[in-house]
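Single-structure report; data block below.
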């Protein structure tokens, strides 16, 4: 694991954490097997660690299901986001916003999720993480870093309605 970029694995979310914990459990078992008499106390600690990891793996599989079931009354608003495409305005203007991150309105359901943005005019796409919440008095929009806007194909005006958005499931990232 020395040559792995752990930060990139953890950006995937809970599945990335489960993967890293599984690798750690494997390495602990491998190291303990090299000892001539394996320590029963150490084997019990590794087993408990693996049980926690199995619980997290089950939570990783169940979280999209639980998220969909818990939406309840707001299911009409969430349903189009899961695998659906919608248009929105894109703006620039927050100096503290880092490249690869986006600021979204406080009233949306896709905060802390990855967004796939596509410029409808030139079909260029970028992926950003909706990490910041901003107040929105009228309408919904997404605020991007200037470099991310340039990657979308240099939207000339400060706002553009020619951007399609797809929202990833919680804890997941698009493979682009």
- prompt: Can you name the number of the only condition in (1) in a helix (DSSP H, G or I); (2) touching a helix residue (DSSP H, G or I) at 6+ places or on another chain (Cβ under 9 Å); (3) over 23 Å from residue 10 (Cα atoms); (4) at pLDDT 75 or above that residue 53 fails?
  reply: (3)
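When you look at residue 59, is it free of Cβ contacts under 8 Å to residues at least 40 places away in the same chain, in a helix (DSSP H, G or I) and either loosely packed, with under 15 Cβ neighbours inside 10 Å or not assigned by TED's automatic domain parsing to the domain that holds residue 131 (or both), yes or no? First the steps, then the outcome.
Details: free of Cβ contacts under 8 Å to residues at least 40 places away in the same chain: no; in a helix (DSSP H, G or I): yes; either loosely packed, with under 15 Cβ neighbours inside 10 Å or not assigned by TED's automatic domain parsing to the domain that holds residue 131 (or both): yes.
No, not satisfied.
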query: residue 108 versus (1) surrounded by 11 or more Cβ atoms within 10 Å (Cβ to Cβ); (2) in a helix (DSSP H, G or I); (3) modelled with pLDDT of 75 or more: which is the lone unmet condition?
result: (2)
query: Out of region 112-135, which residues are surrounded by fewer than 17 Cβ atoms within 10 Å (Cβ to Cβ), part of a loop (DSSP other than H, G, I, E, B) and either under 21 Å from the mean Cα position of the chain (by Cα) or in contact (Cβ under 8 Å) with a residue 12 or more places away in the chain (or both)?
result: 112, 120, 121, 122, 124, 135
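The values are calculated or read from the model by the stated rules, or taken from the named source; none is laboratory data. Only a predicted model underlies this, so the values are computations on that prediction, with no experimental measurement involved. Note that each Cβ is placed from the backbone with ideal geometry, even for glycine, and that neighbours are counted across all protein chains shown.
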